[in-house]
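Everything on this sheet refers to the single structure shown next.
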Amino acid sequence: MASNRNGFQRGSAKFDRPLKSRPRPSSPSPGSALRRPNAAARNGDAVPGRVRVAVRLRPRNAEEMMADADFADCVELQPELKRLKLRRNNWDSDTYEFDEVLTEFASQKRVYEVVAKPVVESVLDGYNGTVMAYGQTGTGKTFTLGRLGEVDASDRGIMVRSMEDIFADLSPDTDSVTVSYLQLYMETLQDLLNPANDNIPIVEDPRSGDVSMPGATLVEITDQHSFLELLRVGEANRIAANTKLNTESSRSHAMLMVHIKRSVLENEDMSSQNGDASHLTKPSKPLVRKSKLVVVDLAGSERVHKSGSEGHMLEEAKSINLSLSSLGKCINALAENNAHVPFRDSKLTRMLRDSFGGTARTSLIVTIGPSPRHRGETSSTILFGQRAMKVENMLKIKEEFDYKSLSRKLEIQLDKLIAENERQQKAFEDEVEKVNFEAQCRIAEVERNFADALEKERLKCQMEYMELVKELEQKLVLNQERHDCNSFVADNEEGPASSSTDDVAEVKMLLETERNRRKAAEEEVEHLKSQLGKHTQAEAGGDVEIIKLRNLLEDEANQKKRLEEEIILLRSQLLQLNFEADQMRRCLDGSSGSTYSAMDSSTTQVRHSQFKDVANGQKSSVATLFEQVGLQKILSLLESDDANVRIHAVKVVANLAAEEANQKRIVEAGGLTSLLMLLRRYEDETVRRVAAGAIANLAMNEANQELIMAEGGITLLSMTASDAEDPQTLRMVAGAIANLCGNDRILMTLRSQGGIKALLGIVRCGHPDVLSQVARGIANFAKCESRASNQGIKSGRSFLIEDGALPWIVQNANNEAAPIRRHIELALCHLAQHGNVISLMFQFF
């Protein structure tokens, strides 16, 4: 078993032990927009927290198994008691207690849960946190912290697992995460994300004592994938070397810094003035909670005579040991509560000032090896962890009032209210305008009707009045003449009394007559009003009659349409019967002639002419039907409810599509769309077979191929290929796809929509004609790929190889059917231009 970068054996066994997750009452649910601060955050009090230390034992590597095969391990672990025994000799040992003791079988998940997960949860609650690995070179520090787990997901280290928990708890709308990745090499702080930035200064705030690196690259990330890319870039830029103790020994201290900003809400409760139990809550204050997670992968401490370092590596080892020695001095001073802590002795201690004796929650994992040859380094590592357990930190949350967030939130709410008010006002104005317009239209209509009725009544009364006046004038003139005559008679004769009596009687009669006429006129007006009311009612009844008439007209139109369809069907059947009769007669004539001259070569020419006449007769019959009925009428019959009409119509369209002269007219008239709709709607095998054949004929034209792809034709053909079982239907579908495979411009779209997989799925039929069309499609596709490869448009493996076509091609390379064999040979010639295809073909052969 070969050892990896940090000394762990790849073949070592791992066992996961179930653990109960720590309850977090103050932690919000994942994806929540805002969180409530806890009591410590509201009161601003610091919370004490000791540095937690765990020890992890690395399993023996291959070298130790050979060199130390006769020696026992120098350490004995008691994980249930959280104790470790370091053997002095065969009968004496020293015992040490730690917060956690992890055996060589502990999984990466368990290490993360007991060491780093409490720190990550504190960081999500608003505290700063530090996770650090310390130990001899080659004991598994980088494996524990920075393993990406690309090959085996269970090998993911603390860095990857901590970011998974962080992203699961954050809300992308209100929270943000920025990452910087640094290394301390030879007392020079360098940026692993930007190697050109190789001398970053360390700045300390004189008031708060916070340490910052203003020149470091800060990258905002939103998902786990982008974080893994950053880790890969940083690991590629980190300095490592090959020593006797480790093939890839880290020569620098790596430090991953994750800055988190979260939005929280703080409520203030006010007891009522009368002292009862009720509370009044003020509006929430928006706060920004800033926390930082620091993951430190220290370079391994080493002894020069064991690691074999020399030259520049010797200088690196001196720098590493010097910085680790400074860190040990600071921890000793903190453990003994000394007044002075020498943080300024090294840049490493300056950067970790907040992690030891500061405000961060810190977890330290010390890694040791089992070999008795390195007992001195193991003892030094254990004592370092024991001293670190005595360091006490004061945890504190850093919060700021989020004026920008509050302002932005209020602006958004104001904009929404303004927009909503404008929408409501516009809707109200439109509604009022609509009501006013309808009212004005009704008023205008009523006024117009009233004015028309009033004008008609006025004209009528005026005409009656004029007639009465004219009649009275005539009577007055007549009476005047009579009066003059009577006066003349009275002067010459006696009897004036009788004449005047007659005049009075006549006037009375005229007055009575006028009264009767007036009464009759009033009765006529009442009669007209009643007729007007009846006419209004009759109009309502007339609408019903109109609706009935319309329904009758629609029934007549539908009946006419059905009759036309029957006529067209009968015509097509008659033409089909005539065609079959002519074909039978010609076949009978040909067979009788061949009886007497079976070996004559002219018989072949006669039969050839007969078949040609049959084909011409079929085309002429279709052309006759096409001229008599019209293309639009034939296409409309494709949507008929009668199955027989629909079948005959699609047959006619398929025969028309066989001629190149008709294809353009069929496509322009919407015939292609209608044929695709038949594939989508109907499950009748005859309809699907003939429709697929018509589409195959249209697909022979390059201009129609792009239209077929644009209207989803390849998807419909793929669905038909998966559902159909009839060999003739599959042959038509395979022919259509094979025609499409010969177009360079639609090659990528054809493959992405499943055309090649559908073509390969058709081979289940096994019919030679179907397999011939499949082989032709594969040959066309391979030819287009070869052309694209020669032109530099495409590179890499063939799509046919990726979709699994090669086994079938090799299997049918020696097929008995000549068309299949010819197409497969052509496909192999084109596929051979791809470099890696030759070796794959040899594997199958």
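The values are calculated or read from the model by the stated rules, or taken from the named source; none is laboratory data. Treat the numbers as computed from the prediction; the structure is a model and nothing was measured. Neighbour counts are summed over all protein chains in view; Cβ atoms, including those assigned to glycine, are modelled from backbone coordinates with ideal geometry. SASA here: full protein model, heavy atoms, side chains in, ligands and nucleic acids out. Shrake-Rupley method; radii C 1.70, N 1.55, O 1.52, S 1.80 Å.
Out of curiosity, is Pro342 open to solvent by less than 10 Å² (accessible area, probe 1.4 Å) and assigned by the TED database to the domain that holds Arg88? The answer is no for Pro342. Only residues that are in a loop (DSSP other than H, G, I, E, B), under 20 Å from Leu184 (Cβ atoms) and in contact (Cβ under 8 Å) with a residue 60 or more places away in the chain were counted in region 323-360, giving 7. The set of residues from region 795-813 being part of a helix (DSSP H, G or I), under 28 Å from the mean Cα position of the chain (by Cα) and closer than 17 Å to Lys783 by Cβ comprises Phe799, Leu800. Of all the listed residues (Ser789, Ser798, Ser752), the sole one being at negative phi, out of contact with any helix residue (DSSP H, G or I) (no Cβ under 8 Å at 6 or more places or on another chain) and open to solvent by less than 60 Å² (accessible area, probe 1.4 Å) is Ser789.
Tell me the residue from Glu494, Glu506 that is exposed (fewer than 10 other Cβ atoms within 10 Å of the Cβ) and modelled with pLDDT under 85, please.
Glu494 is the lone residue from the list that is exposed (fewer than 10 other Cβ atoms within 10 Å of the Cβ) and modelled with pLDDT under 85.
When Cys441 is tested against (1) under 43 Å from the mean Cα position of the chain (by Cα); (2) over 19 Å from Phe98 (Cα atoms); (3) open to solvent by less than 80 Å² (accessible area, probe 1.4 Å), exactly one condition is not met: (1).
Of all the numbered requirements in (1) in a helix (DSSP H, G or I); (2) charged (D, E, K, R); (3) at pLDDT 80 or above; (4) farther than 19 Å from Ala775 by Cα, Arg680 misses one, and that requirement is (3). Looking only at residues that are modelled with pLDDT of 80 or more and assigned to a loop (DSSP other than H, G, I, E, B) in region 814-836, which one is most open to solvent (accessible area, probe 1.4 Å)? By that ranking, first place goes to Glu816. Within region 354-370, one or more residues are under 22 Å from Leu57 (Cβ atoms) and surrounded by fewer than 24 Cβ atoms within 10 Å (Cβ to Cβ).
Among the listed residues Thr686, Thr715, Thr729, which satisfies the condition of being touching a Lys or Arg at 6+ places or on another chain (Cβ under 6 Å) and assigned by the TED database to the domain that holds Ala782? When all the criteria are applied, what remains is Thr729. Within region 232-244, can one find any residue that is over 15 Å from Gly146 (Cα atoms), without any contact (Cβ under 8 Å) to a residue 24 or more places away in the chain and either in a strand (DSSP E or B) or not hydroxyl-bearing (Ser, Thr, Tyr) (or both)? Taking every residue of region 232-244 in turn, at least one turns out to be over 15 Å from Gly146 (Cα atoms), without any contact (Cβ under 8 Å) to a residue 24 or more places away in the chain and either in a strand (DSSP E or B) or not hydroxyl-bearing (Ser, Thr, Tyr) (or both).
The set of residues in region 683-714 being open to solvent by 60 Å² or more (accessible area, probe 1.4 Å) and either assigned to a helix (DSSP H, G or I) or modelled with pLDDT under 80 (or both) consists of Glu683, Asp684, Arg689, Glu702, Ala703, Glu706, Leu707, Ala710. Which residues, counting only those in region 60-71, are part of a helix (DSSP H, G or I) and aliphatic (A, V, I, L, M)? Answer for region 60-71, where residues must be part of a helix (DSSP H, G or I) and aliphatic (A, V, I, L, M): Ala62, Met65, Met66, Ala67.
Just for helices (runs of 4 or more DSSP H) wholly inside region 88-206: which have at least 2 residues that are in the same structural domain as Val258 (by the TED database), in contact with a helix residue (DSSP H, G or I) (Cβ under 9 Å, 6 or more places away or on another chain) and open to solvent by 30 Å² or more (accessible area, probe 1.4 Å)? The helices (runs of 4 or more DSSP H) meeting that bar are 158-169.
Among the residues of region 364-420, those that are in a helix (DSSP H, G or I) and of a type in the set (Val, Ile, Thr) comprise Thr378, Thr381, Ile382, Ile412, Ile418. The condition of being farther than 23 Å from Ile260 by Cα, open to solvent by 60 Å² or more (accessible area, probe 1.4 Å) and in the same structural domain as Ala360 (by the TED database) holds for only one of Glu229, Glu220, Glu248, that being Glu248. Just one residue in the set Ile260, Ile221 is over 21 Å from Leu352 (Cα atoms), β-branched (Val, Ile, Thr) and under 30 Å from the mean Cα position of the chain (by Cα); that residue is Ile221. Can you tell me which residue in region 72-87 is most open to solvent (accessible area, probe 1.4 Å), limited to those that are at negative phi and in a loop (DSSP other than H, G, I, E, B)? Out of the qualifying residues, it is Glu80.
Every residue in region 653-679 that is open to solvent by 20 Å² or more (accessible area, probe 1.4 Å) and under 19 Å from Ala734 (Cβ atoms), please. So that I can check it myself, show each step before the final result.
Within region 653-679, the first condition is being open to solvent by 20 Å² or more (accessible area, probe 1.4 Å), and the residues that meet it are 655, 658-662, 664-665, 667-670, 673-674, 677.
Selection gives Ala658 alone.
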